[in-house]
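Written out below as structure tokens is the structure these notes cover.
Just so it is clear, none of the values below were taken in a lab; they were calculated from the coordinates. On a predicted model such as this, the values are computed, not experimentally measured, just so you know. Positions of Cβ are backbone-derived with ideal geometry, glycine not excepted, and every protein chain shown enters the neighbour counts.
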Amino acid sequence: MNDYVLAALLGIVEGLTEFLPVSSTAHLRIVEALLGVDLGNAYWKTFSIVIQLGAILCLPIYFRHRLAAFIRTFPRGTRGDRTVASHPLTLTLLAFVATAVPAFLLTRVIGKHLESLFVMAASLISGGIVMWAVDTVYERTNQGAFVRHRITDDTEKMSAGQALWIGACQVLSAVFPGTSRSMATITAGMLAGMSRPAALEFSFFLSIPTMAAATLYDLLKSLRPPAGEASAIGAMPHTAHAWIVLAIGFVVSFIVAYGVVAWFMAWVRTRGFTPFAIYRILVGAAVLWWVR
């Protein structure tokens, strides 16, 4: 397959799946394996990191007005009832720390699972079952099953406890590729008494520092591996052709991800996550059959 077409195709896969609760890591690895891409090739590892960065960059642009309002009204919030400790920006940072510290300590464990299609398939299936169960209970109880007092229908009404819980659950997506960062955070938010739209919005906000830090960390390791060691993550391109391939994947991923975020926000306001849960289970079962 032509490298430019391959780059565009992988960019589409990344953009489509990065923010949906279906695991972009699993889909990218599966598609790469189906297309015969060498998963151990340093350049294609770097390519995967770069197109993920393209998807990430759509978020601050899409939510630019919401983020600007948060910054402008810090620390009191738009309704004037927040503090430095309870402002959405602080809670996002708190959830990020709750993810980053355990993830950093579990770096070796994470590295062992990154290329395992079996782990990805099992995570797709188990995550799909959990999401289906939570969404079904949420729907049948009219959003009240996981609420102690009043449902949190806005990120500006969140508590520190909810943020810490969501951040801790996000660690699962780092340890078990295929879990899906968005699935873990959205489901955790619903379990913590948040509405679907609020849980989704906070998931997007949390993904900005989380994914940016993870991607930049991987790029740093790619560019500057330990002295005397080959890069364990990837290698930057050295030819014009390789740079063009990288640029195509980056741009396509950004454009597709932007459209997906806009569509997903509208979808969640009137529909649930059950279709994504069923899709996860079917894909996971197909991958297990293929691997075996």
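What do you get when you divide the Cα radius of gyration of region 125-195 by 2.2 N^0.38 Å, with N the number of residues?
After normalising by residue count via 2.2 N^0.38 Å, the value is 1.09.
When only Cα pairs under 8 Å and 6 or more residues apart are kept, what is the percent relative contact order across region 62-174?
39
Using Cα pairs under 8 angstrom and six or more residues apart, how large is the relative contact order of region 3-291, in percent?
Relative contact order here is 37 percent.
Normalized C-alpha radius of gyration of region 134-292, against 2.2 N^0.38 Å?
Taking N as the residue count of region 134-292, the ratio is 1.26.
Whose amide H sits under 5 Å from the amide H of Thr152, counting only residues 5 or more places off or on another chain, with H placed in the peptide plane?
Residues meeting the amide H criterion: Met194, Ser195.
Sorting check: for 193-205, 123-135, 242-254, which peptide has the highest mean count of neighbouring beta carbons within 10 Å, and how do the rest follow?
Descending packing order for the listed peptides: 193-205, 123-135, 242-254.
Enter the Cα centre distance for the pair region 1-61 and region 129-194, rounded to the nearest angstrom.
27
In deg cm²/dmol, rounded to 500, what helix-only [θ] at 222 nm does the chain give when every DSSP H run of at least 4 residues adds -39500 (n - 2.57) and the total is split over its residues?
On the way: 13 runs with 209 residues, N = 292.
Computed mean residue ellipticity for the chain: -24000 deg cm²/dmol.
Please report, for the Cα atoms of region 3-291, the Rg to one decimal and the Dmax as a whole number; what are they, in angstrom?
Using the Cα atoms of region 3-291, the pair Rg, Dmax is 18.9, 59 Å.
Membrane-span-like helices in the chain: DSSP H runs reaching 30 Å or more (Cα, own axis), mean Kyte hydropathy at least 0.0? Kindly include the intermediate steps, with their values, before the conclusion.
Details: long enough: 117-140 (34 Å, 1.19); 196-223 (39 Å, 0.82); 240-270 (46 Å, 1.74).
The qualifying helices are 117-140, 196-223, 240-270.
Using only the Cα atoms of region 49-159, each taken as one equal point scatterer with no solvent, compute I(q) by the Debye sum, divide by I(0), and report log10 of the ratio at q = 0.14, 0.17 Å⁻¹.
-0.98, -1.22
Give me the compactness ratio for region 42-100, meaning the Cα radius of gyration over 2.2 N^0.38 Å.
Scaled against compact globular proteins, the figure is 1.51.
Sorting check: for 64-73, 282-291, which peptide has the highest mean count of neighbouring beta carbons within 10 Å, and how do the rest follow? Spell out each step's value before the answer.
Working: 64-73: 13.2, 282-291: 15.6.
So the order, starting with the most tightly packed, is 282-291, 64-73.
Just flag the trypsin sites (Lys or Arg not before Pro) in region 128-174 sitting in loop per DSSP whose Cβ has no more than 14 other Cβ atoms within 10 Å.
When the trypsin sites (Lys or Arg not before Pro) of region 128-174 are filtered for loop state and at most 14 Cβ neighbours within 10 Å, Arg148, Arg150 remain.
Remind me, relative contact order of region 1-124 in percent, using alpha carbon pairs under 8 angstrom and six or more residues apart?
Averaging sequence separation for qualifying contacts and normalising by length gives 20 percent for region 1-124.
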